[in-house]
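First the structure, in the form of structure tokens, and then the observations on it.
The values are calculated or read from the model by the stated rules, or taken from the named source; none is laboratory data. Values in this document were obtained by computation on a predicted structure and should not be read as measured data. Positions of Cβ are generated from backbone atoms using ideal geometry, with glycine treated the same way; all protein chains shown enter the neighbour counts. Each accessible area value is taken on the protein alone, full model and side chains, heavy atoms only, with ligands, DNA and RNA left out. Shrake-Rupley method; radii C 1.70, N 1.55, O 1.52, S 1.80 Å.
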Amino acid sequence: MKTQQFSPKAVMGVAGAVMVLALAGCGSTPSSTSQSGRYGGTFTLAYQSDIPTLDPAGSPGFESAQAMYGLYNTLVTYAPTSTTIAPSLAQSWSVTAGGTVYTFHLRTGVKFSNGDPFTAQDVVYNLTRQINPKSASYAQSYYLDIQGAQAYAKGQASSVSGLKALNSHTLQVTLVQPEGYFLNILAMPTSDIADPRIVREYGKAYEDHAVGTGPYKLTEWKHNQVLTETRNPNYWGKKPYFSELKFILGPDPATQFLMFKRGEIDAMGPVPPADMPTINSTPALKKDLVVLADTGSIDFYFMDVRYGPFKNVLVRRALNDAINRKRLVALDAGQAVPANQYLPPGYPGSQSNLPPIPYNPSKARALLSQAGYKPGQLKLTLTVNNDPAVVQQAESVMANLQAIGVTVQLHTMSLSAYITALSGNQVHFGIIQWGLDYPDPSDIFSSLLVGAADGTGNFAWFNNAQVNHLVNEANAMSPQQEATRLKLYDEAQAIALNQQPWIPLIFPANTMLVSSSLHPAPTGANRYMYLGQLGIEANLIWK
Amino acid sequence: MAEKWPQNSNVTTAPAAVGRIDADRSDPSGPSPRRRALRRFLHDPIALVGSGLVFLMLILAVLAPLIAPYSPDKQFARGINALGVPVAPQWHMPGFFLGTDSLGRDLLSRIIWGARVSMEVGLIATAIAVSIGVFLGLLSATTSARWSNILMRFVDVMLAFPFYLFVMLLVSVVGHASTWVVILVLGVLGWPAMVRMVRGKAVLVREEQYVEAAVASGASRARIMLKHLLPNVLPTILVFSSLTISTNIMAESGLSFLGLGVPPPTPSWGSMISEGLQVYQSAPWILIFPGLALALAMLGFNLLADGLNDALRT
């Protein structure tokens, strides 16, 4: 479930298909450090696997971002607990020429954790590195609207003409056309600024020596064992409370749960739904439970609209009406919201006034017979990865479809096999668990619902001229026209919801356990996508 | 692989017993060997418990539609609450006698239907493995030393593969899992130990004078294999088959546990155990009962093998 999410570009990337297993866990040791007052102590977290990379150009996914959050800064970031862009390494910026020229005034006196000074040239270097085909960054396509990026990516230019350091603290970025979400892209972990001198020095081994301007610096990374970050004495911003962030690498969620109960880690998440009943019935654990509802993720099934029965919109509508979404929420231990649209609640563009998609088997049966299918006549194959929670969800959906006379065969495969099958267009009815890379409707629409073509994330091959037009128009609007932009996306969503290329299932919540020896407890923030962020952004401290 | 033929030494190191049946038959005064074996079997508590369990499992498998209180796939609205908590075992009827699983299905019904999957896989896969194994074993015992050698070295190679890894590899290669894929894979990979067992026995019988006499009088190879060798290796085959069934039941559960076996929603003990393991802290019954069923089925076939071994004095 929310334990894994497709990172949009991941799926679109050629070789990249990096599925982000957000099996994040965290924790820290109250130990003796808890007595040391307001500052200090270690915040210990755990992850199921090794951190895949600490290199911003190394296709960092969800787990990487958790550890990178402490090490790096981006030019812009989000205001705490919101989806509003806020200054970070760029102190201010202006947008001119109809939204195509961004001028960033960078913070002065910023140093990397090794003492190297931070300049505008470093930003040019890092963004160029994302575009460089040699980096093979899955995020490359995010940066291709920068002027000259296409030419550079094709090897026709030696630099990106749209990236200019006007002086050591002024950066100018020119886009080929306005892009309403460009600042969001600059806030992504792929836009983290690494120290170019260290990147050049270590080349491929850079990630083991990662240096950024963030509140922490990398002190130890024993792959598959432990990663430690300690406070960066050169940090330009507010001094973080914890002196150390420690990521224990390897324990699976069940083990993490045991470790949390024993106080070996200080936070973990997402909590597997299977553990929720134990937590709900144990007061000591229940008070540590933090549920963040608006996580910007959606689980949905796509239906290949070019394929057999899915060509018929009546079939697609019938399947949508047949799903008992409340049951799916229950299967997720109640930690989700039934999906009634494509844009997750609390995120820009999401419509709070849309009614739920009704669970109406009799209407579904009527639609099916209207489409010409007698009960038992429609046979479908549903393909999902073999994550237990995903399979369980699928079994529930199958029972719903069975009830309207649709026979569904379930085809399960490992995550990597599933991604391969998806990219090979072998799946006509399958699951996508999507976590927004940035809070803007374009991340759903551009990535998943327009531009039906091979190698995109549009697995439903949904190709509606109106939707394409609306989305392209909205994408190309400058951020100043936010209200109009969102209206266009809304229109596009209304058309898509009528055509139903997807079966939206649930918006999963993010469930975390955070030790109650820490305070203040994180609240309903919608941006704690990374547990690693908790220790920094939520201002947690030991009691 | 080791557990694939745990009784190996036990079974093969009884060369003295070779020809016993024929020797017994030559003594007209006592009861027939078959009758004596049956008598030994019926007086052996272990054998009886084993057969009882096996009989129980077979009954469950065959009569599942009649015995199971509900459909194994029915997801009851009242089977889980709004927070996804399943129903604990209810000791009243009608209810969920062994509780419900995480999807709100009746656990008892699923366990009963799961017996069907287990028995299907166990019996059919074993039948395939035994057929191949017996045929090749007898062939190897009656063919030229050169061919026999080649065949046995091939068997060595097959035995050298870690069984479960090989099975998992094959299931992955086939792509999508289904009951029949599991059956075929287990059947096709399960024969090498059987070949060795049968050959070892048959080679000894082959040296008996009556077999040599048959050869001398021009009996065909098929006749030697079927008439003279097969009856003598039959006890070994029976014992070993029983063990193989238990191994195959375990293998199916193992594969389903790993998500490589019988696809959901078909009830399989292995996938139930896998699910139970995730929720054992809050809903231990989902782990305990399918685990118990699996343990009993395996115990049954193992005890039966033991009993057969004693009764037939292989």
Revision key, fill the gap. The aspartates and glutamates whose Cα lies under 15 Å from the Cα of residue A:487, excluding any fewer than 8 residues away in the same chain, are A:440, A:473
**Study point:** Order by protection proxy (mean Cβ within 10 Å, highest first), peptides A:140-146, B:34-40
**Key:** A:140-146, B:34-40
Revision key, fill the gap. Interface residues of the stretch B:72-97, defined as losing at least 40 Å² of accessible area versus the chain alone with a 1.4 Å probe, are B:75, B:80, B:83
Point to revise | Environment charge at residue B:152 (Cβ cut-off 13 Å; Lys +1, Arg +1, Asp -1, Glu -1) | key: +3
Exercise for review: In a Gaussian network model over chain B where Cα atoms closer than 10 Å are linked, find which of B:82, B:219, B:283 has the largest mean-square fluctuation.
Suggested key: B:82
Exercise for review: With a point put 7 Å past each Cα toward its Cβ, work out how far residue A:371 is from residue A:86 in nm, to one decimal.
Suggested key: 4.7
**Study point:** Low-density loop cleavage sites - trypsin sites (Lys or Arg not before Pro) in the stretch A:127-205, where at most 10 other Cβ are within 10 Å (DSSP)
**Key:** A:154
Practice item. Taking a probe of 1.4 Å and counting only protein heavy atoms, give the total accessible area buried between chains A and B in Å², rounded to the nearest 100. Key: 1900
Exercise for review: Using Cα positions and a limit of under 20 Å, work out the lysines in reach of residue A:164, with same-chain residues fewer than 8 apart set aside.
Suggested key: A:154
Practice item. Once you've got the GNM for chain B with C-alpha springs shorter than 10 Å, pick whichever of B:211, B:173, B:49 has the biggest mean-square fluctuation. Key: B:173
Check your understanding: Taking each residue of A:334-344 in turn, how many C-beta atoms of other protein chains fall within 10 Å of its C-beta, and what is the average?
Key -> 1
Exercise for review: Keeping all protein chains in place, calculate the accessible area per residue for the stretch A:297-508 (probe 1.4 angstrom), answer in Å².
Suggested key: 34
Review point. Taking amide hydrogens as modeled 1.01 Å from N in the peptide plane, which residues meet the under 5 Å criterion relative to residue A:430, leaving out close sequence neighbours?
Key: A:302, A:383
Exercise for review: Taking only Cα atoms and a 10 Å spring cutoff, compute GNM fluctuations for chain B and point out the largest among B:212, B:275, B:120.
Suggested key: B:212
Exercise for review: Give me the percent of DSSP beta bridges within the stretch A:297-508 that run antiparallel, rounded to the nearest 5.
Suggested key: 60
Practice item. Collect residues whose amide H, placed 1.01 Å from N in the peptide plane, falls under 5 Å from the amide H of residue A:378; neighbours closer than 5 in sequence don't count. Key: A:407
Check your understanding: How many percent of all Cα-Cα pairs in the stretch B:44-126 sit more than 17 Å apart?
Key -> 54
Revision key, fill the gap. The set of residues whose placed amide H lies less than 5 Å from the amide H of residue A:163, leaving out same-chain residues fewer than 5 positions away, is A:174
Point to revise | Listed residue (B:180, B:241, B:143) projecting farthest to the positive dipole end of chain B, Cβ model | key: B:143
Point to revise | Pairs from A:204/A:246; A:111/A:204; A:311/A:363; A:134/A:238; A:204/A:261 whose Cα-Cα separation, in the structure shown, is over 27 Å | key: A:134/A:238; A:204/A:261
Check your understanding: In peptide A:265-278, how many Cβ atoms from other protein chains are near each Cβ within 10 Å, on average?
Key -> 3
Exercise for review: Count the DSSP beta bridges whose two residues both fall in the protein assembly as shown, then state the antiparallel fraction as a percent rounded to the nearest 5.
Suggested key: 80
Point to revise | Within-11-Å neighbourhood charge of residue B:136 [Cβ basis; K, R +1; D, E -1] | key: +2
Check your understanding: Net charge near residue A:364, counting Lys/Arg +1 and Asp/Glu -1 over other residues with Cβ under 10 Å of its Cβ?
Key -> +2
Exercise for review: Subtract the Cα-Cα distance of residue A:121 and residue A:519 from 0.36 nm times their separation in residues, and report this length gain in nm to one decimal.
Suggested key: 139.3 nm
Exercise for review: Report, in deg cm²/dmol and to the nearest 500, the calculated mean residue ellipticity at 222 nm for chain A, where each DSSP H run with n ≥ 4 adds -39500 (n - 2.57) and the sum is divided by the residue count.
Suggested key: -7500 deg cm²/dmol
Point to revise | For the stretch A:297-508, convex hull of alpha carbons as volume per residue, Å³ | key: 112
Study note, to complete from the structure: Within 10 Å of the Cβ of an average residue in B:102-108, the count of other chain Cβ atoms is 4
Check your understanding: Taking only Cα atoms, what is the 0 to 90° angle, nearest 10, from helix B:33-42's long axis to the longest principal axis of chain B?
Key -> 30
Check your understanding: Distance in nm between label sites at residue B:153 and residue B:32, each 7 Å beyond Cα in the beta-carbon direction?
Key -> 4.5
Check your understanding: Taking all protein chains as present, what is the carbon and sulfur share of the accessible area of the protein assembly as shown, in % to the nearest whole number, probe 1.4 Å?
Key -> 59
Check your understanding: Mind checking the dipole of the protein assembly as shown: about its Cα centre, +1 per Lys or Arg Cβ, -1 per Asp or Glu Cβ, Debye to the nearest 20?
Key -> 1560
**Study point:** Residue-wise HN-Hα coupling along the stretch A:281-290, computed from phi with Karplus coefficients 6.51, -1.76, 1.60 (Hz; x: Gly, Pro)
**Key:** 9, 10, x, 4, 7, 4, 6, 8, 6, 10
Revision key, fill the gap. Mean accessible area per residue over chain B (1.4 angstrom probe, all protein chains present, square angstrom) is 45
